[in-house]
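**Student:** Handing you this structure, nothing more for now.
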Amino acid sequence: MIVVGELLNASRKAVGTAIEALDADYILQVARDQLEAGADYIDVNAGTFMNKEGEYVEWMVRLIQDNTDAVCSLDSPDPEVLNRALKVHKGTAMINSISLEKERYDQILPIIAGTDLKVIALCMSDEGMPVTREDRLKIADRLINDLCRNNVKLENIFVDPLVQPIATDQSYGMEFLNAIEGIMTGYPGVHTMCGLSNVSHGLPNRKILNVSFAIMAVAKGLDGLIVNPLDRQMMASLVAAETLAGRDEYCEKYLDAFRSGNLL
Ligand code: THG
């Protein structure tokens, strides 16, 4: 499972405040905690700061990479912000994200074409949010084919089928999950990625819904997740789910997690 740590997001109050105050100690601590907990990428999002987004993302990337060996997921739809961050980023960043929306696609494609950057491809088009499995697969197919034609390697693409709130429509869970299955079986070598928090939007006790949904998605083949890696129940459940899904030969990762005290 490729884990993207979600906590450095300016929409979280404490993080927004720390960014504005250029509180390096706080930002670094959150980055270090997530790496320690097993994050493979540190998502960096300053999207709530209209005119200062680029400045703040650049500052965070520099700060994090000067003090840790993290690689970042650059979470912005703005090509100027992404280019600014890439200028200072060391190693292979993840671009979060491109979509099939024409303006966004045309602006972000040149940033990634012919590079070895990882890219999250959102199943979103100018016709709006996808609803059914078929909506998602149609967009995913166009994104994957077009990106590959433009020299983006299949194994660098992480398709995000977009999680929708189950409280809005009871079909939304399975439409998403079956899209994961369709993408992972239809394009061997491609990856999938998603955030979870939307699935439980509007309902109480969100944690149990998010964990349950993550486990179901792993069973369908999901291999990337934007998540709070400090959530021990979530991280333990992901290890267990991958083992049960037959993606852990000799139960090696499960036993490692047990020995490291990460299943508690
Ligand atoms: N797909 C892609 N990128 C994404 C998302 C996605 N980036 C943003 C988001 N969704 C994922 N990141 C976050 C970051 C913070 C929160 C949720 C998702 C958040 N957390 C609150 C907190 O920590 O205070 C509340 C969490 C909770 O309710 O437990 O708001 O889907 N490609």
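**Student:** Where in the chain are the helices, taken as whole DSSP H runs, whose Cα atoms extend 15 angstrom or more along the long axis and whose Kyte-Doolittle mean reaches at least -1.0?
**Tutor:** 24-36, 53-67, 102-112, 133-149, 172-186, 206-219, 232-244
**Student:** Follow-up question, since we're still on this one. Can you tell me the Rg and Dmax of region 154-197, counting just the alpha carbons, in angstroms?
**Tutor:** Calculated on Cα positions, Rg and Dmax stand at 11.3, 34 Å.
**Student:** Give the ranking of C148, C123 by solvent-accessible surface, highest area first, calculated with a 1.4 Å probe. Walk me through the numbers on the way to the answer.
**Tutor:** Details: C148 50, C123 0 Å².
Result of the area sort, largest leading: C148, C123.
**Student:** Would you list, by chain and number, the lysines whose Cα falls below 22 Å from the Cα of K102, excluding same-chain residues fewer than 8 positions away?
**Tutor:** K118, K138, K153
**Student:** When Lys and Arg each count +1 and Asp and Glu each count -1, what net charge do the other residues less than 12 Å away from R84, Cβ to Cβ, add up to? Intermediate results must be reported in sequence, preceding the final value.
**Tutor:** On the way: positive: K52, R62, K87; negative: E53, E55, E58, D78, E80.
Charge balance near R84 sits at -2.
**Student:** Let me ask another. Per residue, how much space in cubic angstrom lies within the convex hull of the C-alpha atoms of region 135-228?
**Tutor:** Values: hull volume 8.2 nm³, N = 94.
It comes to 87 Å³ per residue, whole-number rounded.
**Student:** Another question about this same structure. At 1.4 Å probe size, with the rest of the protein present, what percent of the exposed accessible area of the chain is carbon and sulfur atoms? Display every interim value, and only then the final one.
**Tutor:** Working: 6370 of 12580 Å².
The nonpolar share, carbon plus sulfur, comes to 51 percent.
**Student:** Starting from the Kirkwood Rh over alpha-carbon pairs, what translational D in µm² s⁻¹ does the chain have by Stokes-Einstein at 20 °C and 1.002 mPa s? Mind showing how you got there, number by number?
**Tutor:** On the way: Rh = 18.8 Å.
Using the Kirkwood radius from Cα pairs, D works out to 114 µm²/s.
**Student:** Using amide H atoms built 1.01 Å from N in the peptide plane, name the residues 5+ places from N262, or on other chains, whose amide H lies under 5 Å from its own.
**Tutor:** Here nothing satisfies the definition.
**Student:** Only bridges with both residues in the chain count here: give the DSSP antiparallel percent, nearest 5.
**Tutor:** Details: 1 of 26 bridges.
Restricted to the chain, the bridges split so that about 5 percent are antiparallel.
**Student:** For V239, V199, give the ranking by accessible area with the largest first, probe 1.4 Å.
**Tutor:** Values: V239 40, V199 5 Å².
These residues rank, largest area first, as V239, V199.
**Student:** Mind jotting down the distance between the C-alpha centroids of region 1-68 and region 163-190, whole Å?
**Tutor:** 29 Å
**Student:** Give, to the nearest whole percent, the P(r) tail of region 1-129 beyond 25 angstrom, counting all Cα pairs. Before the final figure, lay out the partial values.
**Tutor:** Working: 1698 of 8256 pairs.
Beyond 25 Å sits 21 percent of the P(r) for region 1-129.
**Student:** A further question follows. Heavy-atom accessible area per residue, region 36-113, 1.4 Å probe: how many Å²? Walk me through the intermediate numbers first.
**Tutor:** Details: 3490 Å² over 78 residues.
Roughly 45 Å² per residue, with all protein chains present.
The values are calculated or read from the model by the stated rules, or taken from the named source; none is laboratory data. None of the values given here were measured: they were computed from a predicted structure. Every residue, glycine as well, gets a Cβ built from its backbone with ideal geometry; the counts of neighbours run over all protein chains shown. Ligands, DNA and RNA are stripped out before the accessible areas are found, and what is left, the full protein with its side chains, is counted by its heavy atoms. Shrake-Rupley method; radii C 1.70, N 1.55, O 1.52, S 1.80 Å.
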